[in-house]
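These notes are about the structure you will find just below.
The values are calculated or read from the model by the stated rules, or taken from the named source; none is laboratory data. Note that the structure is a prediction, hence the values are computed from the model and not measured. All Cβ positions, even for glycine, are placed from backbone atoms using ideal geometry, and neighbour counts span all protein chains on display. What goes into the accessible areas is simple: the full protein's heavy atoms, side chains included, and nothing from ligands, DNA or RNA. Shrake-Rupley method; radii C 1.70, N 1.55, O 1.52, S 1.80 Å.
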Amino acid sequence: MKLCRFGDQRLGVVEGDYVRDVTAALDVLPEYRYPLPCHDVLIANLDKVAARARAIIMQAPDRKADRVPLEGLALRSPVANPGKLVAAPVNYQKHLTEVRSDAALHHNNPGHTLTIQSAGLFLKATSSLVGAGEGVVIRRDDRRTDHEVELAFVIGRTASRVSRDEALRYVAGYTIGLDITIRGSEDRSFRKSADSYSVLGPWLVTADEIPDPGSLDLDIAVNGETRQRSNTKHLILGVAELIELASSFYTLHPGDVVFTGTPEGVSPIEPGDTIVATIERIGTMAVSVRAAEPSAAAAMSAATTGQS
């Protein structure tokens, strides 16, 4: 099943070029009072929601009233409330090689050229999360900002000290991730956590549809020019190994998202660009890049300067 979130917090099942609105399936979710849980409630109850969504579709298989064309639909992140965004650095050998050979990527920080086995994983702010329809807003126009396309997966149940042999049983599904990056010498978490710099989409493909996440083609194009192209078979640490590593240090909860790392070919983006990312068996998402709106203080300063 391909589940998406769209519009005003609507839930949909993707069927070809259309989305079936199954928002009513959210009625199966339990009610909570403050303090709210630290996991994503939909993902924690994904089996129940999916079953209810199937029932809704089966009750009216030919209804057109609840079918929405995908084209032009504003898609949100398929996960609304992840507790953590976990990311794997330099997890393709060719990307590690390009980082080591390019000062514009490593910025003379030795930590940026370590292997993933030495560097470990890093966390991104959950406030950086957006969907394909929300786009990327360039936060620092005085710094180089790059695209990084990645397979991302979503944890489906609580995982702590999980072995790689059991790890795939903990995956709820897969999606495309864009790990947007401000280049510089600072820590990765700092440079990759700007608002809108974690893009997920276009939807969540449940794990049963992708039994082998280790053999998926992925690519990204900017304004029609292919920038990155690879296959997840080249991951240094695959999905199972990443779960084993992450869960050996902290507990993973339903809805936690893991970005698996990007292949070689990272390069700059700027306002006005259109990013198109594709991963085999998941789909394609188009993401627009735009400039940040001036702050109220900056706008007032500009107006004052113009009057002087």
Of all residues in the range 238-251 being out of contact with any Ser or Thr (no Cβ under 7 Å at 6 or more places or on another chain) and of a type in the set (A, V, I, L, M, F, W, C), the one that is farthest from G173 (Cα to Cα): F249
Looking at (1) under 16 Å from F259 (Cα atoms); (2) within 15 Å of the chain's Cα centre (by Cα); (3) open to solvent by 10 Å² or more (accessible area, probe 1.4 Å), can you tell me which one V199 breaks? (3)
If we keep only residues of the range 238-265 that are of a type in the set (S, T, N, Q) and surrounded by fewer than 24 Cβ atoms within 10 Å (Cβ to Cβ), then the residue farthest from L96 (Cα to Cα) is T251
If you go through the range 243-281 one residue at a time, how many are outside any helix (DSSP H, G or I), within 18 Å of Y92 (Cβ to Cβ) and hydrophobic (A, V, I, L, M, F, W, C)? 5
Residue, farthest from P254 (Cα to Cα), within the range 210-243, restricted to residues that are of a type in the set (D, E) and more than 17 Å from the chain's Cα centre (by Cα): E225
I'd like to verify a number: residues in the range 46-96 that are open to solvent by 50 Å² or more (accessible area, probe 1.4 Å) and of a type in the set (S, T, Y), how many? 0
Can you name every residue in the range 128-163 that is open to solvent by 10 Å² or more (accessible area, probe 1.4 Å), β-branched (V, I, T) and within 15 Å of V287 (Cβ to Cβ)? V130, V137, I138
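One line per residue, one yes/no per condition, for (1) touching a residue at least 40 places away in the same chain (Cβ under 8 Å); (2) assigned to a helix (DSSP H, G or I); (3) among the polar types (S, T, N, Q):
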residue: E31; (1), (2), (3): no, no, no
residue: I43; (1), (2), (3): yes, yes, no
residue: D47; (1), (2), (3): no, yes, no
residue: P61; (1), (2), (3): no, no, no
residue: V68; (1), (2), (3): yes, no, no
residue: V79; (1), (2), (3): yes, no, no
residue: T97; (1), (2), (3): yes, yes, yes
residue: A104; (1), (2), (3): yes, yes, no
Filter the range 122-139 down to the residues that are assigned to a strand (DSSP E or B) and either closer than 20 Å to E270 by Cβ or among the basic types (K, R) (or both) and list them by number. K124, V130, V136, V137, I138
Return the residue satisfying two criteria in turn: it lies in the range 164-176 and is outside any helix (DSSP H, G or I) and out of contact with any strand residue (DSSP E or B) (no Cβ under 6 Å at 6 or more places or on another chain), and of such residues it is most open to solvent (accessible area, probe 1.4 Å). D165
For residues that are touching a Ser or Thr at 6+ places or on another chain (Cβ under 6 Å) and of a type in the set (D, E, K, R), scanning just the range 213-237, find the one that is most open to solvent (accessible area, probe 1.4 Å). K233
